[in-house]
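The values are calculated or read from the model by the stated rules, or taken from the named source; none is laboratory data. A quick note: this is a predicted structure, and the numbers were derived from the prediction, not measured. Please note: Cβ atoms are built from the backbone with ideal geometry, for glycine as well, and neighbour counts cover all protein chains shown.
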Amino acid sequence: MSDVFKPTFHAAIPEGAKIIVRRGIRYARFRTKKGSVVEGEVLPDGKRCRVETRDFYARIRDSSGRQRRVPLGVTNQEAARQLRAKLQFEADQSKAGLINELATHRRRPLVGSMKMLPQRKHKRDRFGRIYELASNQTLNDLKQAISESHLGDYAVHLEATGRSATHIWETVRVIRRLAIACKFQFVDDLVAGELDRYLVSLIQSNKSRRTRNGALKAIRALVSWMIRSDRLARDPFKGIATVNEAADPRRRHRRALTPQEFAKLIRVTEKSVIPIETISGPMRALLYILAAATGLRRKELASLTWSHLNLDREPPYVHVPTASTKAKRDDHPIPLHPFVAKCFRDWLIAHPSSKARAIFHLTTSTGRVRKTSKMMKLDCKAAGIPYAGDLGVADFHSHRVAFITNLCRHADFGTACDLARHKDPKLTAKIYDRVRLENRTAAIGSLPMPSA
């Protein structure tokens with residue numbers, strides 16, 4: 001096989017394409033959307049053709065002995081061969097220690113393909129059943145796009161450090177979107193001014209400051225890893241700082257339901273006969289009770305089975321699987337309030353067959369977690385409880401806020417931080433200080449003042 005070649009790809013034959021026959025082989029000639037004329041061999045299905053790329057590629061064996069496919073950017077075969085020989089000579093010099101390794105990394109693509117990925121749809125059989133999810137197709141497209149790039153190696157590094165797949169590929173998407181917008185194709189293209197303009201455009205397009213900070217942290221994490229792995233000499237973005245997220249007027253604030261509001265919400269939801277997101281009213285009430293009594297997050301609750309709920313122990317407790325926790329660590333079991341344990345025992349007595357299944361069925365067949373905030377919004381409306389107000393939004397995560405708030409009122413800070421399972425105590429301190437403000441307000445209100 002030649003070391004200089006033109007890769008092929010399959011393209012749909014548009015209407016009006018000219019069919020040519022040479023030596024018994026059919027070829028289709030047509031004009032692409034970009035205006036260039038291409039010609040390819042018609043495949044047996046008659047609907048697609050095999051088309052060669054315009055530019056030549058080369059196979060280069062790098063200093064580690066691995067063979068890589070490198071785009072040469074030339075259309076002349078002789079020029080491609082000369083360029084390939086030059087690149088292979090430099091790779092051999094690098095292997096012998098005669099060339100600076102940074103020079104080799106400068107020619108590698110930063111994020112791979114600079115084209116936006118196509119929108120995918122679920123693949124279904126003739127009966128309408130899904131046999132390949134659109135998310136899986138998009139993930140495969142993303143892996144293919146970043147192959148043979150610094151970003152692809154960074155994704156492998158994140159996987160080796162134990163990061164979750166969700167974190168890895170969301171980080172890759174953010175970095176790749178940023179690189180395409182800033183035209184960061186190679187290492188030499190990393191310019192602070194371009195990144196500044198992109199971050200400003202995020203705010204101007206009504207994105208939150210948290211989104212802006214997330215994009216900056218993602219690209220700086222990639223740059224830091226490249227410096228540690230001797231791929232980059234310095235950080236070109238060290239002068240760009242994050243902005244204050246707390247001052248963002250678009251920032252969502254959550255409020256904790258009062259005990260009276262929570263009791264009313266449970267009473268109305270238990271009597272509801274209308275399922276929301278396929279979850280019945282009594283099961284939604286159990287979901288709200290467990291969320292408010294344990295502080296578990298939506299995805300943590302979605303992962304629970306009845307085996308994780310130990311109702312026969314004394315005291316009863318729930319133990320979230322390590323892989324489902326946000327921090328991916330083995331947290332201590334969370335004791336259950338006697339009222340909560342009784343609610344779930346009564347449910348099992350009334351529905352003994354449900355013990356073999358997941359508790360709440362919050363995950364759909366496509367792997368999506370159901371919209372718990374939609375449940376809260378409709379149930380709050382039915383109960384006459386304001387969903388949004390001056391103090392914030394009472395969405396599903398507000399049950400966790402209420403859990404930590406009540407802990408801060410009745411327990412010391414260390415216990416509240418432990419039960420909240422916060423990796424950073426500052427997160428607990430924010431709510432703890434809010435409760436201390438209530439106590440200080442009550443203390444000020446008790447001061448004697450002159451009568452009017």
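Rundown of residues vs (1) closer than 17 Å to Ala285 by Cβ; (2) in the same structural domain as Cys417 (by TED's automatic domain parsing); (3) over 35 Å from the mean Cα position of the chain (by Cα), yes/no style:
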position: His308; (1), (2), (3): no, yes, no
position: Asp312; (1), (2), (3): no, yes, yes
position: Ser324; (1), (2), (3): no, yes, no
position: Val340; (1), (2), (3): yes, yes, no
position: Trp347; (1), (2), (3): yes, yes, no
position: Pro352; (1), (2), (3): no, yes, yes
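For segment 200-220, give me each residue that is of a type in the set (Ser, Thr, Tyr) and buried (at least 16 other Cβ atoms within 10 Å of the Cβ).
First pass over segment 200-220, keeping only residues of a type in the set (Ser, Thr, Tyr): 201, 205, 208, 211.
Selection gives Ser208, Thr211.
Among the residues of segment 266-276, is there at least one that is within 27 Å of the chain's Cα centre (by Cα), in the same structural domain as Phe396 (by TED's automatic domain parsing) and under 25 Å from Val393 (Cβ atoms)? Before you say what the answer is, go through the steps one by one.
As a first pass, look at segment 266-276 and keep what is within 27 Å of the chain's Cα centre (by Cα): 276.
Next, only the ones that are in the same structural domain as Phe396 (by TED's automatic domain parsing) stay: 276.
Now narrow it down to the ones that are under 25 Å from Val393 (Cβ atoms): 276.
Within segment 266-276 (the criterion being within 27 Å of the chain's Cα centre (by Cα), in the same structural domain as Phe396 (by TED's automatic domain parsing) and under 25 Å from Val393 (Cβ atoms)), the answer is yes, since at least one residue qualifies.
Scan segment 267-288 for residues that are part of a helix (DSSP H, G or I), surrounded by fewer than 21 Cβ atoms within 10 Å (Cβ to Cβ) and among the β-branched types (Val, Ile, Thr) and report the count.
Residues in segment 267-288 being part of a helix (DSSP H, G or I), surrounded by fewer than 21 Cβ atoms within 10 Å (Cβ to Cβ) and among the β-branched types (Val, Ile, Thr): 1 in total.
Of the residues Val172, Val223, which single one is out of contact with any helix residue (DSSP H, G or I) (no Cβ under 7 Å at 6 or more places or on another chain) and buried (at least 18 other Cβ atoms within 10 Å of the Cβ)? Break it down stepwise before answering.
Values: Val172 fails: out of contact with any helix residue (DSSP H, G or I) (no Cβ under 7 Å at 6 or more places or on another chain).
Being out of contact with any helix residue (DSSP H, G or I) (no Cβ under 7 Å at 6 or more places or on another chain) and buried (at least 18 other Cβ atoms within 10 Å of the Cβ) holds for just one of Val172, Val223, which is Val223.
If you scan segment 10-26, which residues turn out to be part of a loop (DSSP other than H, G, I, E, B) and either loosely packed, with under 14 Cβ neighbours inside 10 Å or touching a Phe, Trp or Tyr at 6+ places or on another chain (Cβ under 6 Å) (or both)?
Narrowing segment 10-26 to residues part of a loop (DSSP other than H, G, I, E, B): 13-17, 23-24.
Scanning segment 10-26 gives Pro14, Glu15, Gly16, Ala17, Arg23, Gly24.
Identify the residue in segment 286-315 that is basic (Lys, Arg) and touching a Ser or Thr at 6+ places or on another chain (Cβ under 8 Å) and, among all such residues, is farthest from Ser398 (Cα to Cα).
We begin by selecting, within segment 286-315, every residue basic (Lys, Arg); these are 297-299, 313.
Filter once more, keeping what is touching a Ser or Thr at 6+ places or on another chain (Cβ under 8 Å): 298-299.
On the way: Arg298: 11, Lys299: 15 Å.
Taking the candidates together, the pick is Lys299.
Of all residues in segment 194-244, which are part of a helix (DSSP H, G or I) and β-branched (Val, Ile, Thr)? Lay out the reasoning, then the answer.
Residues of segment 194-244 part of a helix (DSSP H, G or I): 194-204, 209-228.
Passing the criteria: Val200, Ile203, Thr211, Ile219, Val223, Ile227.
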